[in-house]
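Enquirer: Below is a structure I'd like to ask you about.
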Number of protein chains: 2
Amino acid sequence: MTNRLHKIDIIFNNSDLDVVAIVPGSNFKYLTGVNFHLMERPTLLLLKKNTKPVAILPVLEVDSFKIHNIDADVISWQDKDGYIDAFYKAADILGKVGSIGVEGQRMRYFESLALQKAFPETKIVNSHSLISKVRLLKDSKEIENLKKAISISEKSLTNTINYIKENKTEIEIKNILIQEIYKNGAEGLSFDPIVLAGSNSALPHGHSSEYEIKKGDAILFDFGAMVDGYNADITRTFFLDFADDNQKDFYGTVLKANLLGIEKSLVGNTLNDVDDSVLNSLEQSRYSEFVVHKTGHGLGLDVHEDPYVMRGNEEKLEEGMVITIEPGLYNPKSLGVRIEDDVHITLGVPEILTSFTKNLTII
Amino acid sequence: MTNRLHKIDIIFNNSDLDVVAIVPGSNFKYLTGVNFHLMERPTLLLLKKNTKPVAILPVLEVDSFKIHNIDADVISWQDKDGYIDAFYKAADILGKVGSIGVEGQRMRYFESLALQKAFPETKIVNSHSLISKVRLLKDSKEIENLKKAISISEKSLTNTINYIKENKTEIEIKNILIQEIYKNGAEGLSFDPIVLAGSNSALPHGHSSEYEIKKGDAILFDFGAMVDGYNADITRTFFLDFADDNQKDFYGTVLKANLLGIEKSLVGNTLNDVDDSVLNSLEQSRYSEFVVHKTGHGLGLDVHEDPYVMRGNEEKLEEGMVITIEPGLYNPKSLGVRIEDDVHITLGVPEILTSFTKNLTII
């Protein structure tokens, strides 16, 4: 991945932050091309406007950083010495700093404490959304990666469905799905896949169990393949052998909301507009009590990222955003249905990146 | 997994904390049996001595929590309302609180801000090690899970080796390894496997690339299967087709340090003792400049957890701890070698859970 450090200007031009601190994760990878794991050893990139970046690195990560040829002051620290001196050295290099913006949903508490210790007069500000904004609009290479990830995901789902039979457990089916995802060339999973059957499908983030699928059960798949760091995220809900009229009506209500959400995914509409129309549609149905979550989220190097498709978010849709549209209804006594597409906002009608059928499917 | 909430007394008996706040992750799972992901929606368990636990939950996770029959006050919040009111309600229920201990390496900055806002007079304390201590000594069920995870890992490694040929890429080999891990029944990966060949093996946490393995290359595998949340973590380094005398000597130096580390893993020795003897052995070899990391870490529901096998850690080894012994040497110009075993501390000689051969292996 390429170095996009020049994009930090988006942050400085939209705030009065003096420094931005990035920990390993999507922003780190996007800006530097370096894909570090977030571990117990503090690893930070400190960016100050018009100043050479300062990287605080455990010594064992220095070579992984240097092969990317980033022009930065590297301060490395050894396990035996601890990390706090590296933070003091960074403070010396950066001089007077009024405020440091951090990724509040990514930086851990202990890293914030080390920062505050080394910069005692500095205000630490949760700037998660602001920082993530650098990744808000996807370029063609990013869309291409998402398309590859989605293509692998959909092929894997097709192959997995062929394997499903009565009495297979959720865990068995999930395991086959994962093998398929790797067989089809993914570099990883977007997240631990959700495969839930029967009334388990009503747990929006439930974990697969030893439950054996039965005829007439709903079976919900929520999963994705990862390609070059980019995450697919697709949900489909099927029925084994048959679906009764109640199930069909329940499914149809979610599908209607999904289509409405896509229809509203237009440049200039707000995220609130999209969520509000989707939720209104569900809330005005006979299943209003079974609504438990918002419509979706941004998708890219993180599975959940800005912009969030939720009421109250008055941010406007822009060309290049990628969001999920994933309405769901969850009746704890019988079934949950969620239908999730990945949608690329374009100047005209949105480009629906996911293409797996949404017609009610009996397997 | 069972509910072990009574174990919080270990924390209160070893501190003057009034409340402990747990976020999704290993401690949460260990104490409650509930396996939530750490996501953008704050999810917290607040534990106060002799008081019913208070759980702050996004509404879509409430059912997943309730099926575990935990006797707790549940405060749920909806996306459309935001989470901060749930924190205020928790503060009302808990009353006067002098200090809250948090998992500093797990809790994110934005969650700490919400806590501080709802408990303005309360001191938030990074109590990561103290809280993780509840999981320090493994019971027989936990050891059994680790053994299953290790067995799957070693079988998968054996099968993957058979696949390696000149010109296979690191990524191809890694992909096969992952498929094997799932085929052999893992529920997940301990972490994204590290498969590095040639001079790439000198990057301790490098990512697999399109590099094609050549005759005479070292190839390093660092990976593990997960079973019921428990993580195997094993590293082996092989050579393709042949190893020259320098490579053999380099390998032998690491192997000697590995064996020494295991020999020192005795009840009553400190973690410092173990790391110090391993590092001395490496530092006194002709390869002292290629030492870049400590000897190991605790292993269980987290891949890296207390106790850390490092100089300066005067904590004593106790029966029931599980640690990794993983010395390595890294010559950026030619090769890295790391040999990692998972070691269960027992009253007599340690039980080495990993059994894959450490004899220099040509494949």
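The values are calculated or read from the model by the stated rules, or taken from the named source; none is laboratory data. None of the values given here were measured: they were computed from a predicted structure. Quick reminder, even Gly has a Cβ in these numbers, built from the backbone with ideal geometry, and neighbours come from all protein chains shown.
Enquirer: As an exercise: evaluate A:ALA90 against (1) touching a Leu at 6+ places or on another chain (Cβ under 7 Å); (2) outside any strand (DSSP E or B); (3) more than 14 Å from every other protein chain (Cβ to nearest Cβ); (4) closer than 28 Å to B:LEU271 by Cα and give the number of the one condition it does not meet.
Expert: So A:ALA90 meets the others, but not (4).
Enquirer: On to the next question. Quick check on this structure: which one of B:PRO42, B:PRO58 is buried (at least 18 other Cβ atoms within 10 Å of the Cβ) and out of contact with any helix residue (DSSP H, G or I) (no Cβ under 8 Å at 6 or more places or on another chain)?
Expert: Selected residue: B:PRO58, the only one of B:PRO42, B:PRO58 that is buried (at least 18 other Cβ atoms within 10 Å of the Cβ) and out of contact with any helix residue (DSSP H, G or I) (no Cβ under 8 Å at 6 or more places or on another chain).
Enquirer: Based on this model, can you work out whether A:ILE181 counts as within 12 Å of chain B (Cβ to nearest Cβ), more than 22 Å from the chain's Cα centre (by Cα), over 27 Å from A:ALA21 (Cα atoms) and modelled with pLDDT of 95 or more?
Expert: Considered against the rule, which asks whether it is within 12 Å of chain B (Cβ to nearest Cβ), more than 22 Å from the chain's Cα centre (by Cα), over 27 Å from A:ALA21 (Cα atoms) and modelled with pLDDT of 95 or more, A:ILE181 comes out as no.
Enquirer: Taking the range B:95-117 only, how many residues are buried (at least 20 other Cβ atoms within 10 Å of the Cβ) and more than 14 Å from chain A (Cβ to nearest Cβ)?
Expert: 0
Enquirer: For the range A:24-69, how many residues meet the condition of being part of a helix (DSSP H, G or I) and either farther than 22 Å from A:LYS117 by Cα or in contact (Cβ under 8 Å) with a residue 40 or more places away in the chain (or both)?
Expert: Result for the range A:24-69: 14.
Enquirer: Can you tell me which residues in the range A:303-323 are in contact with a strand residue (DSSP E or B) (Cβ under 7 Å, 6 or more places away or on another chain) and within 13 Å of another protein chain (Cβ to nearest Cβ)?
Expert: Hits for the range A:303-323 are A:VAL303, A:HIS304, A:GLU305, A:ASP306, A:PRO307, A:TYR308, A:VAL309, A:ASN313.
Rundown of residues vs (1) over 30 Å from A:VAL195 (Cα atoms); (2) in contact with a His (Cβ under 7 Å, 6 or more places away or on another chain); (3) of a type in the set (Lys, Arg); (4) in the same structural domain as A:GLY300 (by TED's automatic domain parsing), yes/no style:
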{"position": "A:LYS80", "(1), (2), (3), (4)": "yes, no, yes, no"}
{"position": "A:PHE87", "(1), (2), (3), (4)": "yes, no, no, no"}
{"position": "A:ALA118", "(1), (2), (3), (4)": "yes, no, no, no"}
{"position": "A:GLU121", "(1), (2), (3), (4)": "yes, no, no, no"}
{"position": "A:ILE124", "(1), (2), (3), (4)": "yes, no, no, no"}
{"position": "A:SER129", "(1), (2), (3), (4)": "yes, no, no, no"}
{"position": "A:LEU146", "(1), (2), (3), (4)": "no, no, no, yes"}
{"position": "A:ILE152", "(1), (2), (3), (4)": "no, no, no, yes"}
{"position": "A:ASN162", "(1), (2), (3), (4)": "no, no, no, yes"}
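Enquirer: Are any of the residues in the range B:154-161 basic (Lys, Arg) and in a loop (DSSP other than H, G, I, E, B)?
Expert: Taking the range B:154-161 as the starting set, the residues that turn out to be basic (Lys, Arg) are B:155.
This time we only want the ones that are in a loop (DSSP other than H, G, I, E, B), so: none.
The answer is no, given that none of the residues of the range B:154-161 is basic (Lys, Arg) and in a loop (DSSP other than H, G, I, E, B).
Enquirer: For the condition under 23 Å from A:GLU40 (Cα atoms), over 19 Å from the mean Cα position of the chain (by Cα) and not acidic (Asp, Glu), what is the one hit in B:VAL337, B:VAL309?
Expert: On inspection, the qualifying residue turns out to be B:VAL337.
Enquirer: Which condition number in (1) outside any loop (DSSP other than H, G, I, E, B); (2) at pLDDT 95 or above; (3) of a type in the set (D, E, K, R) is the one that B:ARG106 fails?
Expert: Failed condition: (1).
Enquirer: Now for a separate question. Listed residues A:ASP18, A:ASP73; which is surrounded by fewer than 16 Cβ atoms within 10 Å (Cβ to Cβ) and either in contact with a helix residue (DSSP H, G or I) (Cβ under 8 Å, 6 or more places away or on another chain) or more than 14 Å from chain B (Cβ to nearest Cβ) (or both)?
Expert: When all the criteria are applied, what remains is A:ASP73.
Enquirer: Still on this structure, I have one more. Restricting attention to the range A:119-131, report how many residues are assigned to a helix (DSSP H, G or I), more than 7 Å from chain B (Cβ to nearest Cβ) and buried (at least 21 other Cβ atoms within 10 Å of the Cβ).
Expert: Residues meeting the conditions: 1.
Enquirer: Could you list, in sequence order, all residues of the range A:256-275 that are outside any loop (DSSP other than H, G, I, E, B) and surrounded by fewer than 22 Cβ atoms within 10 Å (Cβ to Cβ)?
Expert: A:LYS256, A:LEU259, A:LEU260, A:ILE262, A:GLU263, A:THR270, A:ASN272, A:ASP273
Enquirer: Okay, next question. Anything in the range A:21-50 that is farther than 20 Å from A:TYR109 by Cβ, basic (Lys, Arg) and either touching a Pro at 6+ places or on another chain (Cβ under 7 Å) or more than 14 Å from chain B (Cβ to nearest Cβ) (or both)? List them, or say none.
Expert: Selection gives A:LYS48, A:LYS49.
Enquirer: Right, here's the next one. So which strands (runs of 3 or more DSSP E) are wholly in the range A:278-329 and hold at least 3 residues that are over 23 Å from A:SER201 (Cα atoms)?
Expert: Ranges flagged: A:305-309.
Enquirer: Do you know which of the residues in the range B:135-159 that are touching a Leu at 6+ places or on another chain (Cβ under 7 Å) and either small (Gly, Ala, Ser) or under 30 Å from B:ILE93 (Cβ atoms) (or both) is farthest from the other protein chains (Cβ to nearest Cβ)?
Expert: Applying the filter and picking the extreme gives B:ARG135.
Enquirer: Give the residue that is farthest from B:THR160 (Cα to Cα), with candidates limited to residues of the range B:189-247 that are touching a residue at least 40 places away in the same chain (Cβ under 8 Å), of a type in the set (Ser, Thr, Tyr) and not in a strand (DSSP E or B).
Expert: Filtering the range B:189-247 for residues that are touching a residue at least 40 places away in the same chain (Cβ under 8 Å), of a type in the set (Ser, Thr, Tyr) and not in a strand (DSSP E or B), the one farthest from B:THR160 (Cα to Cα) comes out as B:SER199.
Enquirer: A follow-up question, please. Can you tell me which residues in the range A:281-295 are touching a Leu at 6+ places or on another chain (Cβ under 9 Å) and more than 10 Å from chain B (Cβ to nearest Cβ)?
Expert: Scanning the range A:281-295 gives A:SER281, A:LEU282, A:SER285, A:TYR287, A:SER288, A:PHE290.
Enquirer: Answer yes or no as to whether B:GLY33 is small (Gly, Ala, Ser) and either over 27 Å from the mean Cα position of the chain (by Cα) or under 30 Å from A:HIS128 (Cα atoms) (or both).
Expert: The answer is no for B:GLY33.
Enquirer: Just give me the residues in the range A:163-188 being assigned to a loop (DSSP other than H, G, I, E, B) and of a type in the set (S, T, N, Q), in sequence order.
Expert: Result: A:ASN167, A:ASN184.
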